[in-house]
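What follows is a set of notes on a single structure, which appears directly below.
The values are calculated or read from the model by the stated rules, or taken from the named source; none is laboratory data. All of these numbers come straight from a predicted model, not from anything done at the bench. Virtual Cβ from ideal backbone geometry, glycine too; neighbours counted across all protein chains shown. Surface accessibility is based on the protein's heavy atoms, side chains included, excluding ligands, DNA and RNA. Shrake-Rupley method; radii C 1.70, N 1.55, O 1.52, S 1.80 Å.
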Amino acid sequence: MTAASELADLARRYWQFEQEETPFSAFLAGQAENDVILFREAPGDYDRRANRAADMAKELSLISTTDFSVQDRVTYRLLERELDAIGALYAVDSHLRPSLLPVGPDFNTVFYANGAQIGDLKSAKLHVDRLAAFPAFIADVKACLAAGYTKGIRYPRLILEVAAKNTRALASAAPDATPWYAPFVKSPIASHPDVQKQAQIALKIIGEELIPALKDYADYFVGPLMDGARETIACTDGPMGDAYYKTLVQYFTTTDMTPQDVHAMGLSDVARLEEELGGLAKNAGFDGDVAGYRHFLATDPQFILADANALREAVEILCKRIDGKIPAYFSRIPRITYGVESMPAAQSASMPPGYAQPAPPGGSVAGKFWVSGLPEKCPTYMHPALVVHEAWPGHLMHIALMSELEELPEFRRHGAVKYTAYIEGWALYCEQLGIELGIYQTPHHHYGRLEMEMWRSCRLVVDTGIHIHNWSRDQAIAYLTERLTLSDDTISAEVDRYIALPGQALGYQIGGLKIRGLRKRAQEALGDRFSIRSFHQAVMTAGGVTLPVLEDIVDHWISEAA
């Protein structure tokens, strides 16, 4: 067996490992046709996973890379990175401090339900069985929380209170009005008697098992976990806190940057954007008065649509307008489509203005661009930047295309969630590309683009400010309020996100600046030979990658194109 075939075999077995250990990954990849259990999150699951990953890492280290092709070298580096990351996160007990918001087991079950399809009796029964398994998933997360508590891990009081409030809001709906029941409502065979029987079973499970489990989960936050809860908000205030945060920073940025490096980069980038905004405010008729321009945008009712339906329809129109511009900039376009839907109002309160739910491979389910159900969270001047970020040519196009790259190992095709800096960096690059696409038609639209970028640059400052410089919540809120037009509630929710999910928000701007820098490098190196369509194909067809690997891929593309 050659070294290349050994690597291919190990990559195949690693994908099997992922499907077994994190079956929700298989569901997102459209490969969990019969899996009832979608989440394995008990402490023992993490113990087993870390041991299996360590064994595979040893096996990988014995494979010679001497005669590898460019793609095999990429696969080797990414497989090494993923196996090492499992061990690194386990070593700092990240599994014993699971995220409570904005992404936790409650959100994950909703995310699953939003993508579930009932097209026959078998899928109806499978959905019911999965719902029945969710209370055990929630109990497993509680077991991790309990084990972390025993080891001295304490959550900030604030996060426990907010998480309990959000979970209780989700659990307050009537069973037939919940996201978990929605697949039956939307099913094209909803009227079939056998499917209706399954729907009744689902209602019983939701009402008598899942909702009580979520209420108990929320009670756990303000009950046992609240005993000794921290008044401080930095994740570094706890066992292995510094190592934990450094590990998260490097995991989410896919670089070797330290938290201190990120903070300094953020301060510099915020200063750059403040200068750009000053020029824009002058062009908008505010004589360089950025604060006055922000106040106008934040308070003038013309930028807030009447209701959730009006917001969704406006976004749908803009999405379609962009579709007509795509072929001029992209030579490889995914086959799957997408739609726009409104988030429930209760969920919208703790969520960003929009998010993407990629279509699972296979072509039977469209992707979804979820837009806030609260129009005040998504003013019209933000629409163009938000659309190109979340829909096409951003997340929904990018991840759909990745899933179609059959020439790549499956773990690279379906690994988007593990490469925040690359995936989010591409979406931020698309916001900049929107200038060339011609979608920013007023100074206010351009402000929306710059504000979105300022938002991501501020994250570099605020996230690290909280976790290594002891910023208070009020200090973090004040920093954002001074630079953004976002509502007070949105800014508070953002700060709570940085507190509750350390490091995750750092990959966005770091990735976006990297891809913009790579394009500039390619244009300078190739001159008239530079092709925007070819450059986009090189970046978008890398599969899930780290930023250093992406840089090597683009450098190789430049050398081939020269």
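The heavy atoms of Glu208 offer some 120 square angstrom of accessible surface to a 1.4 angstrom probe. Within the assembled protein chains, the solvent-accessible surface assigned to Leu62 is about 150 Å², based on a 1.4 Å probe.
Annotation for region 304-323 versus region 499-562: alpha-carbon center distance of 30 Å. Calculated mean residue ellipticity, 222 nm, the chain: -20000 deg cm²/dmol, from DSSP H runs (n ≥ 4) at -39500 (n - 2.57) each, averaged per residue and rounded to 500. Taking 0.36 nm per residue of sequence separation and removing the Cα-Cα distance, the Gln475/Ala310 pair yields an extension gain of 55.9 nm. Counting only aspartates and glutamates at least 8 places from Lys520 when in the same chain, those with an alpha carbon closer than 14 Å to its own are Asp528, Glu551, Asp555. The calculated FRET efficiency for Ser534 paired with Ala91, based on their beta-carbon distance and R0 = 30 Å, is about 0.15. Structural descriptor for region 291-421: relative contact order 27 percent, calculated from alpha carbon pairs under 8 angstrom and at least 6 residues apart. For Cα Rg over 2.2 N^0.38 Å, one of [x] 1.10; [y] 1.04; [z] 0.95 was computed from the structure I shared and the rest are decoys. Which label? Label [z] holds the value from this structure. Less than 5 angstrom separates the built amide H of Gly339 from those of Gly367, Lys368, Phe369, all sequence-distant by 5 or more or on a different chain. Take every Cα pair under 8 Å whose residues are at least 6 apart in sequence, average their separation, divide by the length of the chain, and the relative contact order is 17 percent.
Taking every C-alpha pair closer than 8 Å and separated by at least 6 residues, the mean separation divided by the residue count of region 207-351 gives a relative contact order of 8 percent.
In sequence order, region 51-60 has phi-based couplings of 5, 5, 5, 4, 5, 5, 5, 5, 4, 4 Hz under the Karplus curve 6.51 cos²θ - 1.76 cosθ + 1.60, θ = phi - 60°, and Gly or Pro positions carry x. Rolling a 1.4 Å probe over the heavy atoms of the protein chains gives the chain an accessible area of 39 Å² per residue. Pairs exceeding 31 Å between alpha-carbon atoms, taken from Lys165/Lys418; Lys246/Lys320; Lys142/Lys514; Lys125/Lys325: Lys246/Lys320; Lys142/Lys514; Lys125/Lys325.
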